[in-house]
Amino acid sequence: MTNGNGTISQRPDFAAIAGWITMGSSVLDLGCGDGGLLHYLRGSRQVTGYGVEIDDAGVATCVKNGVNVIQTDLDRGLSDFEDRSFDYVILSLTLQTVKNTERVIAEMLRVGREGIVTFPNFGYWKNRLQVIGGHMPVSESLPFEWHNTPNRHLCTIADFERFCAGHGVKILERKVLTRGKPVSVLPNLRGSLAVYRFQKA
């Protein structure tokens, strides 16, 4: 997502992702938005790779900032990419917006040796309180109102781990954050943002 002024953004999950990326590796960033993550990884981990984005404004900002980008719809698959053509395929704050979660995760693990996803944890206690109060949550990790949200499949940390167990996905590492700081105790309740590294089981 662009900042609205043509500059690229930086989010708390960027550093968490970078900590898992091997120096000089190849990366495919799905739903790359304004290219902020690839720009960050290029500077911090010397990665090479591409972003995939459907939004015109995001693509334009990527191009402006020298980020390699391909404009296409993730839900149509990744047929343009060969098996194991990237070290990492990343889906950062995009998992909850895709139509076919199973297909996208399967394609990530076909194209990449490892996958990394980040998503807002719907089980975060502040979200739960808003639901108890009769409203869909609005927060730093879920900044949209119910009527203008791009999110289709919100999930909790427990939901994602159950999905992985049932779909042949082996979780390698997990980081849970709130305001950019790690959460280790009761992460499904106290964590607002989840970051996972995984591979095919």
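The single condition from (1) at pLDDT below 95; (2) open to solvent by less than 90 Å² (accessible area, probe 1.4 Å) that Met136 fails is (2).
Picking from residues in the range 141-179 that are in contact (Cβ under 8 Å) with a residue 40 or more places away in the chain and exposed (fewer than 14 other Cβ atoms within 10 Å of the Cβ), the one that is farthest from Pro12 (Cα to Cα) is Arg152.
Of the residues in the range 101-113, at least one is closer than 19 Å to Asp159 by Cα, of a type in the set (A, V, I, L, M) and either open to solvent by 30 Å² or more (accessible area, probe 1.4 Å) or in contact with a Pro (Cβ under 6 Å, 6 or more places away or on another chain) (or both).
Which residues, counting only those in the range 20-54, are assigned to a loop (DSSP other than H, G, I, E, B), on the phi > 0 side of the Ramachandran plot and crowded, with 20+ Cβ neighbours inside 10 Å? Quick ask: steps written out before the conclusion?
Initial filter on the range 20-54 (assigned to a loop (DSSP other than H, G, I, E, B)): 20-25, 31-35, 46-47, 54.
With the extra rule that they be on the phi > 0 side of the Ramachandran plot, the set shrinks to 24, 31, 33, 35, 46.
Hits for the range 20-54 are Gly31, Gly33, Gly35.
Those residues that are over 18 Å from Asn188 (Cα atoms) and either assigned to a loop (DSSP other than H, G, I, E, B) or not basic (Lys, Arg) (or both), I need them from the range 147-171; list them, please. Residues satisfying the conditions are His147, Asn148, Thr149, Pro150, Asn151, Arg152, Gly166, His167, Gly168, Val169. Can you tell me which residue within the range 180-201, out of those that are open to solvent by 90 Å² or more (accessible area, probe 1.4 Å) and in a strand (DSSP E or B), is farthest from Asp13 (Cα to Cα)? The residue in question is Lys200.
The values are calculated or read from the model by the stated rules, or taken from the named source; none is laboratory data. Computed from a predicted model, the values in this text were never measured in an experiment. Methodologically, a virtual Cβ is constructed for each residue, glycine included, from the backbone with ideal geometry; neighbour enumeration extends over all protein chains shown. Just so you know, the surface numbers come from the protein's heavy atoms only, side chains and all, with ligands and any DNA or RNA stripped out. Shrake-Rupley method; radii C 1.70, N 1.55, O 1.52, S 1.80 Å.
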